[in-house]
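Everything on this sheet refers to the single structure shown next.
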Amino acid sequence: MTTTATKNREIRLAARPDGLPGLDSFQLAETAVPDVGPGQVLIRNLYMSVDPGMLMLIGAYPGLPMPAYEVGAPLYGDAVGEVVLSRDPSVREGATVVHRLGWREYALAEAGEVRQVDPDAYPSPSFHLGFGLVAYAGLTAVAGLRTGETVFVSSAAGATGGMAGQIARLLGAGRVVGSAGSPEKVARLTGVLGFDAAFDHHDAPLAERLREAAPGGVDVYFDNVGGEQLRAAL
Ligand SMILES: NC(=O)c1ccc[n+]([C@@H]2O[C@H](COP(=O)([O-])OP(=O)(O)OC[C@H]3O[C@@H](n4cnc5c(N)ncnc54)[C@H](OP(=O)(O)O)[C@@H]3O)[C@@H](O)[C@H]2O)c1
């Protein structure tokens, strides 16, 4: 497999915003498709994650566990793509890979930086961008969830929250309740993702909604948003 494409497009950080980013924080740039050296692979990106953690990298807040985005440089983040050119025997051309160089059409990566995945494992390869490990680690290593306990998940229809609710159930939680921001999401929580109860966090007062959903109290709160919902859970 090869690519005949010569042009690549990427999104760069145009300026570090004061507060939340706006459109003028980003810049679309056209570059050449990079040359592939020994030990490297060229990936055509198919899906990329746009997630809340990126706000921290845009703002370059102190104490980040990873490098902040640099002004003038392309953003990075989780992506799923197809290897169109490989110069390393460990990665075959045509493979579907997960890697960290999103925000561009073509990504040049070291072979050791990509993870080959089964493109047919889920309904869409984009499912590989889920945050199952974060959900699992939070529930087990951090919260120490025990069988029979009640778990409350905020942003429960989100990438991390949706996994947290389902994993809590598999780990033996007694009751799993969640909140989300629209009637459609709330219906999905109980109808598709197996939550026992769910509510819309726009329906104040939140503490009452939570009490109705979890009448026996909450043992573990998997907090995705902070703010009012954290206060209600506490
Ligand atoms: N430590 C790690 O490695 C790691 C990795 C991944 C994620 N995280 C963290 O996990 C959390 C969830 O991340 P995610 O990627 O799965 O995102 P997400 O929950 O899929 O997306 C954000 C959702 O949060 C809710 N939300 C946003 N602003 C809100 C506000 N002001 N008040 C209430 N709800 C609000 C909205 O959903 P609703 O309105 O439907 O509730 C929104 O769709 C984030 O805090 C993220 O930083 C950490």
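The values are calculated or read from the model by the stated rules, or taken from the named source; none is laboratory data. Quick caveat: nothing in here was measured; it's all calculated off a predicted structure. All Cβ positions, glycine included, derive from the backbone under ideal geometry; neighbour counts span all protein chains shown.
Residues in the range 115-133 that are loosely packed, with under 12 Cβ neighbours inside 10 Å and assigned to a helix (DSSP H, G or I): L133 only. Looking across the range 18-57, the residues that are surrounded by 17 or more Cβ atoms within 10 Å (Cβ to Cβ), assigned to a strand (DSSP E or B) and of a type in the set (S, T, N, Q) come down to Q40, N45. For the range 58-80, which residues satisfy the criterion of being touching a residue at least 24 places away in the same chain (Cβ under 8 Å), outside any helix (DSSP H, G or I) and among the small types (G, A, S)? Once the filter is applied, which keeps residues that are touching a residue at least 24 places away in the same chain (Cβ under 8 Å), outside any helix (DSSP H, G or I) and among the small types (G, A, S), the range 58-80 yields A60, G72, A73, G77, A79. Annotation note: Cβ proximity below 7 Å between a residue of the range 204-215 that is not assigned by TED's automatic domain parsing to the domain that holds A187 and a residue that is part of a loop (DSSP other than H, G, I, E, B) (sequence gap 6+ or interchain) occurs for no pair. Counting only helices (runs of 4 or more DSSP H) that sit completely within the range 134-223, those holding 1 or more residues that are among the aliphatic types (A, V, I, L, M) and within 20 Å of the chain's Cα centre (by Cα) correspond to 159-170, 183-191.
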